[in-house]
Number of protein chains: 2
Amino acid sequence: MTHAGPGRPRLHAPRRPGSTARAEILDAAAELFTTRGFSPTSTRSIAEAVGIRQASLYNHFATKNDILVALLEDTVEPTLDFDEKLDDALPADVRLCALAWFDTAQLSAGRWNLGALYHLPEVRTAPFDRFRHERLQLMERYRLLAAEIVGDGDPRTHLPFRIVESVIGMRADNGDIDAGLPEALATASLAVLGVSDLAAVSGAARALVVGVPDDLLESMNPQAAPHA
Amino acid sequence: MTHAGPGRPRLHAPRRPGSTARAEILDAAAELFTTRGFSPTSTRSIAEAVGIRQASLYNHFATKNDILVALLEDTVEPTLDFDEKLDDALPADVRLCALAWFDTAQLSAGRWNLGALYHLPEVRTAPFDRFRHERLQLMERYRLLAAEIVGDGDPRTHLPFRIVESVIGMRADNGDIDAGLPEALATASLAVLGVSDLAAVSGAARALVVGVPDDLLESMNPQAAPHA
């Protein structure tokens, strides 16, 4: 038996990615939610998949909703942090390209395709208020950067965010994602706005993405992470 | 009491869109699946929402899966029919633009955002084999038309299909869809491929979309249908 963090001793040795019981619970829940569905998955089945007692799971998460909240917030918060650190003095097209690149890499990288859960009916309820607010904040960042390029009333300002999120549908349909996808979608986000000098802008953006602190990128799957 | 098609007499007069009991069952199921979720919705609750007995519902659909199959196939079959009728002698960019325009209008038009159900775990099972095959067929049509424009190995060939399906995320996030969206997404599908003469191509495509037979377009919501 091993003992990791709060809660009872483990029934089994850890068998999932993650150095803590909390990380293992999140990984098991992400697998069950994306492969069997959120509604049919019980906290009991999550605990079983980790190899801990249900009571131990409750030491980490009070409800099944709380587990999904943590998983979904993890899909937007690293990108909001990355955006926060972008230099405002850089041209809008370079910032938008870097944001789209980082975000696509981030959405490609997790073991489970959590974006496929964004539109669950449950996510419209109160426990998910903060997640929905954060995702809207991110959507608005894309829109404002695009508006600096094509003007505020232009309907194309809504497209870059959608092009980036299309990685979610690609993963759901095809499973594996090509390592070049983050760059390809970042470039497509500019092409729909009529930006013509795509190679120069994407070259400048690449330098920003590969330069991010390791702690932001370390959760990324190496195959899917931006390549230098 | 009214009597519509096979099955027992109705408990109530019809109160949903659709001239037949089958259409009312589909509408009620689409509402419940998209607002409460597929897994928690029972055939009993669908029958109750229509105002018929559960036994009458089984005269139309043997299982809850069969209802979802019918709903999902309805989201791709009109577009496959439209594509089938496009003249092969037209330039690939005009055909791709018309396909994307019709498809976006079609995905915008239904009362319920059924595309949000494409990635349910249940849809990976055998009863949905034909639906998944049809959706892949459609995806391949987009890819082949894009390949005629940018070449077969180009990763951008995957983007037009994804840009069109982004209407599903927009509906899930914002509810109402702007009437200009089908044209905007059709044009964006070309812009990501580097097509430069967007106005001429989209003008030619518009004529193809407004010229389709009424029976293909009649199910569309007038606000969201392509405008002449």
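The values are calculated or read from the model by the stated rules, or taken from the named source; none is laboratory data. This is a predicted model, so every value here is computed, not measured. Every residue, glycine as well, gets a Cβ built from its backbone with ideal geometry; the counts of neighbours run over all protein chains shown.
The table that follows gives values for the structure above.
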read-out: Meets criteria (surrounded by fewer than 22 Cβ atoms within 10 Å (Cβ to Cβ) and under 16 Å from the mean Cα position of the chain (by Cα)) for B:Val123; value: yes
read-out: Per-region count, region A:160-173, residues more than 9 Å from chain B (Cβ to nearest Cβ) and over 23 Å from A:Ala147 (Cα atoms); value: 1
read-out: Failed item in (1) of a type in the set (Lys, Arg); (2) more than 14 Å from chain B (Cβ to nearest Cβ); (3) closer than 19 Å to A:Ser189 by Cα, with A:Arg111 passing the rest; value: (3)
read-out: B:Asp178 being outside any loop (DSSP other than H, G, I, E, B) and at pLDDT below 95; value: no
read-out: Options B:Gly151, B:Gly211: the member that is more than 8 Å from chain A (Cβ to nearest Cβ), modelled with pLDDT of 95 or more and more than 26 Å from A:Tyr118 (Cβ to Cβ); value: B:Gly151
read-out: Tally of residues being more than 8 Å from chain B (Cβ to nearest Cβ) and in contact with a helix residue (DSSP H, G or I) (Cβ under 8 Å, 6 or more places away or on another chain) across region A:174-184; value: 3
read-out: Meets criteria (part of a helix (DSSP H, G or I) and crowded, with 16+ Cβ neighbours inside 10 Å) for A:Thr41; value: no
read-out: Residue count, region A:52-67 (criterion: under 15 Å from A:Gly18 (Cβ atoms) and either surrounded by fewer than 16 Cβ atoms within 10 Å (Cβ to Cβ) or among the aliphatic types (A, V, I, L, M) (or both)); value: 3
read-out: Those residues of region B:119-149 which are over 15 Å from A:Ala172 (Cα atoms), of a type outside the set (Phe, Trp, Tyr) and touching a Phe, Trp or Tyr at 6+ places or on another chain (Cβ under 8 Å), in sequence order; value: B:Leu138, B:Arg143
read-out: The listed residue being out of contact with any Pro (no Cβ under 7 Å at 6 or more places or on another chain), at pLDDT 95 or above and either surrounded by 18 or more Cβ atoms within 10 Å (Cβ to Cβ) or not assigned by TED's automatic domain parsing to the domain that holds B:Gly180 (or both), out of B:Ala13, B:Ala49, B:Ala105; value: B:Ala49
read-out: A:Ala188, sole failed condition from (1) within 11 Å of chain B (Cβ to nearest Cβ); (2) of a type in the set (A, V, I, L, M); (3) touching a His at 6+ places or on another chain (Cβ under 9 Å); value: (3)
